[in-house]
1. Kindly indicate which of S385, S365 is farther than 25 Å from S245 by Cβ, under 32 Å from the mean Cα position of the chain (by Cα) and not hydrophobic (A, V, I, L, M, F, W, C).
2. Yes or no: the range 367-374 includes at least one residue that is open to solvent by less than 50 Å² (accessible area, probe 1.4 Å), modelled with pLDDT of 95 or more and in a helix (DSSP H, G or I).
3. Got a sec? Which of L246, L229 is aliphatic (A, V, I, L, M), touching an Asp or Glu at 6+ places or on another chain (Cβ under 6 Å), surrounded by 15 or more Cβ atoms within 10 Å (Cβ to Cβ) and on the phi < 0 side of the Ramachandran plot?
4. If I ask for residues that are at pLDDT below 90 and not in a loop (DSSP other than H, G, I, E, B), which ones from the range 251-277 would you list?
5. If you take the residues of the range 545-573 that are at pLDDT below 55 and open to solvent by less than 80 Å² (accessible area, probe 1.4 Å), which of them is farthest from R592 (Cα to Cα)?
6. When you look at D152, is it among the charged types (D, E, K, R), surrounded by 18 or more Cβ atoms within 10 Å (Cβ to Cβ), modelled with pLDDT of 85 or more and outside any loop (DSSP other than H, G, I, E, B), yes or no?
7. When you go through A661, A673 one by one, which is the residue that is surrounded by fewer than 16 Cβ atoms within 10 Å (Cβ to Cβ), modelled with pLDDT of 70 or more and under 30 Å from M168 (Cβ atoms)?
8. Filter the range 605-620 for residues that are open to solvent by 20 Å² or more (accessible area, probe 1.4 Å) and at pLDDT 90 or above and give the result.
Amino acid sequence: MSDGERLAMLDELEQSGLGWFWASDAHGHLTYLSPAIAARLALPLGDLIGQPLATIFTAADREERGKSLALMLGAHKAFAGMPVRAARSLHGTILRLSGQPVTNADGNFAGFRGTGADISDEYHREAETARLARYDSLTGLSNRHRMAQQIDATLTAFKVARRNCAVMMLDLDRFKHVNDTLGHSAGDELLKQVAARLTRAIDRECEIGRLGGDEFQIMLPDVDDRGVLGDLAMKIITMLRQPYSLEEGRCVIGASVGIAIAPHDGVTREDIVRAADLALYASKNGGRGQYRFYSGELENETIFRRRLEEDLGTALRDHQLFLRFEPIVEAATGAVASLEAHVCWDHPERGVIDEEEFAQIGEGSALQGDVGRWAIGAACQGAASWPDSVRVAVNVPVALFLADDFVSLVADAIDSAAISAARLELEISEAVFFGDASIVDRTLAALFKLGVRLTLDEFGSGYSSLAYLRRAPFDAIKIDQRLVAEAERHDSRELGLVRAIVALAGALQMDTMAGGIESADLLGALTANGVRYLEGPIFSEPVDEDMLMQELAGGAWKIEPGTERTRRARRRTVFRKIQVIHDDYAYEVTLRNLSKTGALIEGLADVPRGTQFVVDLGGGQLAVATVTRSNGDVQGLEFEQSLIEDGSGGLCTRNRVSPYALAAAGNPLAPLAPGKFIGIDQGGAIPKFGYAAQQG
């Protein structure tokens, strides 16, 4: 073959675009480029010749920045198969570049000679395959494998840089019901909408992934403020529980969130994900629709809660359960019209488990229906000794409502107590309407015929539908407590929703009720908007039977709202050992109660007002506090910075002592235990205060 034929063949190859050639001088400047490929790049050939090759092309794969063309050229070594694209057109043709160094007659480096090919179609196919391996095909979010890689890489880098990183685990509530009732295609569409809402909810750098099913994970670099994380978690929960419009119908779900923070709760991906999982489990056990931060006590709490659930059968058999009653007041007169029964537990080892904690234990228990049976019977027996003008209200678990013998159970309880059926008020959740429609309608009709009062509970929680009210003989609507709480902001749309619910109830000749009222402002707003029956701490906490009988002894009970309760910080009664630190000495005291703004401690003598302590609440939670009152061995403390809600009724500090700071002081880098603060040497100073006599 002649040289002319060879050149003709090379020209044809260049013109086809299947192969092309390039050359550079010793300084890396382009000296030759096949004209066909310049045309394919839509760049004038004259603008390219003489330019540094490293500025003309850039690596095509953004995640492989280490393969720098400039470094390859500077090494004066052969390279092959490097995908590049034109630096001026980052979304254009993808080329595969190969090059060989050449030397002149003196053996000195003279530049590169190389070849290339257009691999755009092949590259995009491979990129899509790689993307599908890292991203969830349904939602477009990162998948489990990519999330694991991202968290691993981030925590490894952040450990060296001493930076924080939060991980949220998120699980959808009632998603299975959507799949079961509307079908899997509806479930898939719902997951897409959830992913879109999650992306909108988080307005900061993050990585969001779907791990599978209805489980999501969020990584938030450089965040350790639990106030910020709590607000974000609540924003996510609020957005996700808004109604969804699907082709198959309208639906409402919820979400529970668990939060862990590195390095406070762990320094490896396995530690952090496990901690966030435990927090998620705790939030779901706490009633769902909540968030929860991880603490070192959660594992013990989880074990203890399981033991309590196991003990529930014994509690029923051995008559350890009892009722407390919360007054429901008629707004116009202040008279107690009804008393809502709350189940409590006198546990032989734990002591009294109040109504809030018991509700959390009972919700996930297989014995929830049995507890409901007992509560209806006990409530009717209690009401038998009250004035006839006072009703008793009982919350009915969904499983019990759907039981075959529910109506006969109610009838037997009324007959046994010899009370009028109209004095029993059954609070029924909208969730019952997700059951078999024929069973629900038949049960409601039988209860109506029996003569009991029916209240639709949690109206406005998201399920709310006029269809329920049209087909069911309800006497009252109880507005969802979360909606009531939001309505306290007078400029909010929630107050408008309350007005709409009151108008709707009036049109249907139903009463309206609202609970959880603590402040005078909220009470005034609800009363002004026509809510007829009111309930909450501003009137009375739940009371036991002895106190109830004293209040009802006169035949009627009227309650004036307690104006002193306006926005008062709720105090949690606790009883546990903690440490307080003063002048480098740590004292062990008993924490008696706790609120956002202060605490009550017991155990130290001769502590003057104005004394400052650092209160160690465990797990690196330190709060600066001042003694505002002192009486014997009891001191009242006021915190310098208020505590925040932990998402499930508890309190915690915004920030914690950094394990990095402790590591710098000589302690190993590890999660902080929930016990004593390890940064204080108790023997390092002479105690200023003495222990009270009972502590020795």
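The values are calculated or read from the model by the stated rules, or taken from the named source; none is laboratory data. Here the structure is a predicted model, which means the values were calculated and not measured. Using ideal geometry, Cβ is built from the backbone for each residue, glycine included, and neighbour counts are taken over all protein chains shown. For accessibility, only protein heavy atoms count, side chains too; no ligands or nucleic acids. Shrake-Rupley method; radii C 1.70, N 1.55, O 1.52, S 1.80 Å.
1. Being farther than 25 Å from S245 by Cβ, under 32 Å from the mean Cα position of the chain (by Cα) and not hydrophobic (A, V, I, L, M, F, W, C) holds for just one of S385, S365, which is S365.
2. No - not one qualifying residue is present in the range 367-374.
3. Working: L229 fails: touching an Asp or Glu at 6+ places or on another chain (Cβ under 6 Å).
The match here is L246.
4. Those that are at pLDDT below 90 and not in a loop (DSSP other than H, G, I, E, B): C251, G254.
5. Start the filter on the range 545-573 by keeping residues that are at pLDDT below 55, which leaves 563-573.
Now restrict to residues that are open to solvent by less than 80 Å² (accessible area, probe 1.4 Å): 565-566, 569, 572.
Values: R565: 21, T566: 23, A569: 16, R572: 9 Å.
The selected residue is T566.
6. Taking the combined requirement at face value, the residue does not satisfy it.
7. On inspection, the qualifying residue turns out to be A661.
8. Across the range 605-620, the qualifying residues are P608, R609, G610, Q612, V614.
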